[in-house]
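Asker: To start, I am sharing the structure in question, which I have written as structure tokens.
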Amino acid sequence: MANPHEFLDLALLARLGSIPLQTRMPMLGNVAGKHRSPHRGSSVEFAEYRKYVPGDDTRRLDWKAFARSDRYYIKEFEADTNLRAYFVVDASGSMNFSGLAEPKIAYARKIAASLAYLLVNQGDAAGLSICTNKLHLEVPPRRRPAHLQQIFETLGKLEPAGETGLIDALHAIAEKIGQRAFVVILSDLFTDSQAFSDALQHLRYRKHDISVFHLMDPQELGFQFDRPHRFVDMEDGTSVVVEPNLIADEYQSALKDFLTTIRAKCHEAGADYQLVGTDTPLEPLLREFLTARLPGKRHG
């Protein structure tokens, strides 16, 4: 098992702790929190007036509005609620790849552990979903700081292998979660793009807030090789020996089509999308992610 401190930078988290992790849509939770709810409540932020109907709480009547209009109006406020987040980590064999940077799974650990830490420390609930084609392991969301240790231990025990089970995991989460949640996907997305799109649309239909971290090694993005190589599929074990210079243009064209399609599918589902090279420094990545989700900000 990996030591959590190997993928958790407490000094970095202390610097980021002043930036709240906000949702982009109303949430449903079980305790009062920081996030906007689809239900009307009685928090301090005024939302709107509506006409009084029999059965309404008369304590919420606005008598000043009655004096102006001779009609009864009820004051409505935004109800705040807590957030439930699910970190979906792809543990297929390809996530073990490391070319010019650390393995993709190591980078995924850092993102998931860091954001889970920030969420729990702001009073929200964090959970974890690990998926391969043979495994779908879940750590249910909890708000207790002690729950973080279970998340860290589960992340530390990850040993990527086999083909991806990401699509089935996303559909399972969409069906299982009975209320709106924040779903963070960490994967290289080496799966059928239409099947991935269908899973995202399922999550969107359930009104979940979706964010996708598309993790790629710099060598996968740049394809810089100076001699013949044996390329091995880390999921099914098949291999092929090729001269990189002969296929570089074709590879880059296919890569461009792949990335363009994935980005479009994410945007169609209203999901945040970030293509992240695993050599990207973690702090600016997380800082940009957090600030882009603040009210009034947009993220591409």
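Readers should treat all values here as calculations from the given coordinates under stated rules, not as data from a laboratory. Since this is a predicted model, take the numbers as computed values, not measurements. No Cβ is skipped: glycine too gets one built from the backbone with ideal geometry, and neighbour counts run over all protein chains shown.
Asker: By per-residue mean of other Cβ atoms within 10 Å, what is the highest-first order of 62-69, 107-114? Mind showing how you got there, number by number?
Answerer: Values: 62-69: 11.4, 107-114: 24.0.
With the highest mean Cβ count within 10 Å placed first, the list reads 107-114, 62-69.
Asker: Ranking MET95, MET216 by Cβ neighbours within 10 Å, fewest first, what do you get? Display every interim value, and only then the final one.
Answerer: On the way: MET95 26, MET216 23.
By the 10 Å Cβ count, ascending, the order reads MET216, MET95.
Asker: I'd like the Karplus ³J(HN,Hα) series for the range 158-164: coefficients 6.51, -1.76, 1.60, θ = phi - 60°, whole numbers in Hz, and an x wherever there's a Gly or Pro.
Answerer: 4, 10, x, 6, x, 8, 6
Asker: Note down the relative contact order for the range 95-146 as a percent, whole number, built from C-alpha pairs under 8 angstrom at least six residues apart.
Answerer: Numbers: 46 pairs, mean separation 12.3, N = 52.
RCO, the range 95-146: 24 percent.
Asker: Give the long-range amide H neighbours of VAL212: residues separated by 5 or more places, or on another chain, with amide H under 5 Å away, using H modelled in the peptide plane at 1.01 Å from N.
Answerer: Answer set, sorted by chain and number: ILE185, ASP272, TYR273, GLN274.
Asker: Using Cβ counts within 10 Å as a stand-in for footprinting exposure, how do PHE258, PHE87 rank, fewest first? All intermediate terms of the calculation are to be shown ahead of the outcome.
Answerer: Numbers: PHE258 13, PHE87 27.
Least to most surrounded, the residues fall as PHE258, PHE87.
Asker: Once you have the Cα-Cα distance between LEU255 and SER18, take 0.36 nm times their residue separation minus that, and quote the gain in nm to one decimal.
Answerer: On the way: separation 237, 0.36 × 237 = 85.32 nm, distance 3.76 nm.
Value of the extension gain: 81.6 nm.
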